[in-house]
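What follows is a set of notes on a single structure, which appears directly below.
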Amino acid sequence: DKPSVVVVGGGAGGATVARYLAKDSKGEIDVTLIEPSRTYFTCFFSNLYLGGFKEMDDLGHTYGTLAAKYGINVIHDWAVEVDRGGKTVTLAGGAKLPYDKLVLSPGIDFVDGAVEGWSVESQNAMPHAYKGGSQTELLKAQIAAMPEGGTFAMVAPPNPYRCPPGPYERVSMVAHTLKETNPSAKIIIADPKDKFSKQSLFQEGWGKHYAGMVDWIGSDFGGGNVSVDPVAMTVTIDGEETKVDACNVIPAMKAGRIAELAGVTEGNWAPVNAADMSTKADADVYVLGDAANQGDMPKSGFSANSQAKVCANAVRGALTGSKVFPAKFSNTCWSLIDTDDGVKVGATYEATEEKIAKVDGFISATGEDSATRKATYEESEGWYAGITADMFG
Ligand code: FAD
């Protein structure tokens, strides 16, 4: 019998690990990928959709090539239970799949009660748009429906969360849209943090392109003391209530629920060994991407993809005796501030006993010339094409 690997979650981590395992093992390993959605809409570049630079169709990817070209058994269903003793995964449809190795890359879920007044039942009135697809479309429609001079509010999340620059790129892209369609509109951000990713670059860009439009209220100014009323459409920041016209609530996050059900989490995330992404709780269960507590890497699609390649190499080695290379990781997060004004931050990493540890990094500078910023944006376009091909074949 061939060894079998079950992968839960067909996103940046899961699709990549499934594809590399199937491609590199050349039929020696049976690979099954469990993913409920038939089309995966990337969160990456979803802010550019809000800014009018991308269409929703540009962000959708399907699983046909993973099945047809790589022989992966793609099952569109939810994993609902993991029996680590019996080494099986149960699906919502009832099937029970045995595994030799299990890889979980379920992304994020939200912490209950993280923002007073908000719950997933109110996500239609106040979208999070932090999982891809319909939520992002809803938020875009709400921005388009804002009255002249109206107010857009964002409740930003506490660390750690997926895509550290994501909320601030989003503010930039919403401002870009409003500047064209509704230039007297205002944006307020209530933030439980006192600083954020690429802050000086974003704040420079907001001043330059969207002067007077964006008001960031960090924790030092009461930004963390926030509640919302999704029926009245109000946001109360440090005791001061504001009527808003669109409100994007991005709550605190935790590992996708199946990681918790599998019993491999500690607190909100799943601790893993940096060398192969196996969990501290179980050497045959691996966790990739946002759900993992791995050390220094930010939670990003780039990081999940990078971790997936390390994991695929290690899992294949464990199951077939193929050569295992020392773990090396990298990440870059690009953000678009306005047309052709792209910035980036990134680093390389290695595995230590304790964690994925940063080796060295880089970040765009304030005051860069427009040719550099345009080149940075174009690099991000190349990255998007590259990572989606790496995930879906
Ligand atoms: P995901 O890609 O979310 O995949 C998880 C998958 O698991 C989902 O498809 C889900 O349906 C499935 N799943 C969950 N539970 C189950 C279950 N029980 N059974 C079966 N399937 C399940 N990253 C970048 O690198 N660059 C960017 O520019 C960037 N921009 C971003 C902008 C925004 C607005 C947001 C929200 C995120 C952005 N990210 C970016 C972050 C990136 O989207 C995530 O870090 C990345 O998708 C994480 O990959 P993952 O595999 O952990 O989770």
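Out of everything in region 78-112 that is in a loop (DSSP other than H, G, I, E, B), surrounded by fewer than 22 Cβ atoms within 10 Å (Cβ to Cβ) and under 21 Å from the mean Cα position of the chain (by Cα), what residue ends up being nearest to the ligand (Cβ to nearest atom)?
Trp78
Could you count how many residues in region 7-56 are in a strand (DSSP E or B), near the ligand (Cβ under 8 Å from one of its atoms) and among the polar types (S, T, N, Q)?
0
What number of residues within region 244-262 are more than 16 Å from the chain's Cα centre (by Cα), more than 10 Å from the ligand (Cβ to nearest atom) and farther than 18 Å from Ala125 by Cα?
1
Just for region 323-349: of the residues that are surrounded by fewer than 16 Cβ atoms within 10 Å (Cβ to Cβ) and of a type outside the set (Val, Ile, Thr), which one is farthest from the ligand (Cβ to nearest atom)? Spell out the reasoning first.
Step one: of region 323-349, the residues surrounded by fewer than 16 Cβ atoms within 10 Å (Cβ to Cβ) are 323-326, 328, 330, 339-340, 348.
Okay, now just the ones that are also of a type outside the set (Val, Ile, Thr), so 323, 325-326, 328, 330, 340.
Details: Lys323: 26, Phe325: 22, Pro326: 23, Lys328: 17, Ser330: 11, Asp340: 16 Å.
Taking the candidates together, the pick is Lys323.
Yes/no matrix, rows are residues, columns are (1) touching a helix residue (DSSP H, G or I) at 6+ places or on another chain (Cβ under 6 Å); (2) closer than 25 Å to Glu137 by Cβ; (3) not acidic (Asp, Glu):
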position: Asp215; (1), (2), (3): no, no, no
position: Gly223; (1), (2), (3): no, no, yes
position: Thr234; (1), (2), (3): no, yes, yes
position: Ala246; (1), (2), (3): yes, yes, yes
position: Ala255; (1), (2), (3): yes, no, yes
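Tally time: how many residues in region 234-284 are touching a Cys at 6+ places or on another chain (Cβ under 8 Å), under 30 Å from Ala314 (Cα atoms) and hydrophobic (A, V, I, L, M, F, W, C)?
Residues in region 234-284 being touching a Cys at 6+ places or on another chain (Cβ under 8 Å), under 30 Å from Ala314 (Cα atoms) and hydrophobic (A, V, I, L, M, F, W, C): 1 in total.
Name the pairs: first residue in region 160-180 and at negative phi and within 10 Å of the ligand (Cβ to nearest atom), second residue part of a helix (DSSP H, G or I) and hydroxyl-bearing (Ser, Thr, Tyr), Cβ to Cβ under 9 Å, at least 6 apart or on different chains?
Gly166/Ser46; Arg170/Ser46; Met173/Tyr49
With the structure loaded, tell me whether Leu66 is in contact (Cβ under 8 Å) with a residue 12 or more places away in the chain, within 11 Å of the ligand (Cβ to nearest atom) and more than 23 Å from Met297 (Cβ to Cβ) or whether it fails that test.
no
Read-outs throughout are calculated quantities, based only on the coordinates presented, and are distinct from any laboratory measurement. Since this is a predicted model, take the numbers as computed values, not measurements. When we count neighbours, we look across all protein chains shown, and the Cβ atoms used for this are built from the backbone with ideal geometry, even at glycine.
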